[in-house]
Amino acid sequence: MEEIRPVRFDHPDAVQLSALVQAEYLRRYGYDDMTPLHPTHFDPPDGLFLIAYRDDEPVACGGWRAQVAGDEGYADGDAEIKRMFVVPEARGRGLARGILRALEDSARAAGRVRMVLETGTPLHEAMALYADCGYEPTANFGPYRGYSDSRCFAKPL
């Protein structure tokens, strides 16, 4: 049975899953996600990091962090999704959808008005998931503005 729990981004299970997602990026892109992240970025009320556990083993994760308007292409009230990942052996069970719903609910409760995220063209399954969950393409933002293989999406809350 799966259970979704909030943890700090520096929790050992979050560190373990973040290393796995970075390895996945290296395999698919040839480089990792260069976005600077700090554990405090995901501390409530300005963020949240979640891990799904199956039989007490971490199998999926995702988080959001608050963003504000500036020269990076974000808008006031944005909540940026980061580190969405499901280990290969747990894929196809709805864990990503469950985490995404919980992140959206948390961001809405914290007063955020729009979810934004970046994914890459090699991650076809991620782009399909986000489109199916109501996310629409938007202009690239943040460090991804100059990357042709980046795709940014947004969804009003």
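Each residue in region 57-71 was checked for being at pLDDT 95 or above and either more than 14 Å from residue 89 (Cα to Cα) or under 9 Å from the mean Cα position of the chain (by Cα) (or both), and 7 of them qualify. Looking only at residues of region 1-44 that are of a type in the set (Asp, Glu) and in a helix (DSSP H, G or I), we find that the one that is nearest to residue 126 (Cα to Cα) is 24. Of everything listed in (1) surrounded by 14 or more Cβ atoms within 10 Å (Cβ to Cβ); (2) at pLDDT 95 or above; (3) of a type in the set (Asp, Glu), the single unmet condition for residue 24 is (2). Give the residues of region 90-125 that are at pLDDT 95 or above, surrounded by 14 or more Cβ atoms within 10 Å (Cβ to Cβ) and hydrophobic (A, V, I, L, M, F, W, C), sorted by residue number. If the condition is that a residue be at pLDDT 95 or above, surrounded by 14 or more Cβ atoms within 10 Å (Cβ to Cβ) and hydrophobic (A, V, I, L, M, F, W, C), then 90, 95, 96, 99, 100, 102, 103, 107, 110, 115, 116, 117 are the ones that fit. A residue that is touching a Leu at 6+ places or on another chain (Cβ under 9 Å) and either in a strand (DSSP E or B) or touching a residue at least 60 places away in the same chain (Cβ under 8 Å) (or both) occurs nowhere in region 131-147. Scanning region 75-89 for any residue that is modelled with pLDDT of 95 or more, under 23 Å from residue 19 (Cα atoms), more than 16 Å from the chain's Cα centre (by Cα) and not in a loop (DSSP other than H, G, I, E, B) turns up at least one such residue. Out of all the residues in region 57-73, is one or more surrounded by 14 or more Cβ atoms within 10 Å (Cβ to Cβ), closer than 16 Å to residue 101 by Cα and in contact with a Cys (Cβ under 6 Å, 6 or more places away or on another chain)? No - not one qualifying residue is present in region 57-73. Would you confirm whether or not region 45-58 contains a residue that is part of a strand (DSSP E or B) and closer than 30 Å to residue 148 by Cβ? Yes, that holds for at least one residue.
The values are calculated or read from the model by the stated rules, or taken from the named source; none is laboratory data. The shown structure was predicted, so the numbers you read here are calculated from the model rather than taken from an experiment. Reconstructed Cβ throughout: ideal geometry from the backbone, glycine too, with neighbour counts over all protein chains shown.
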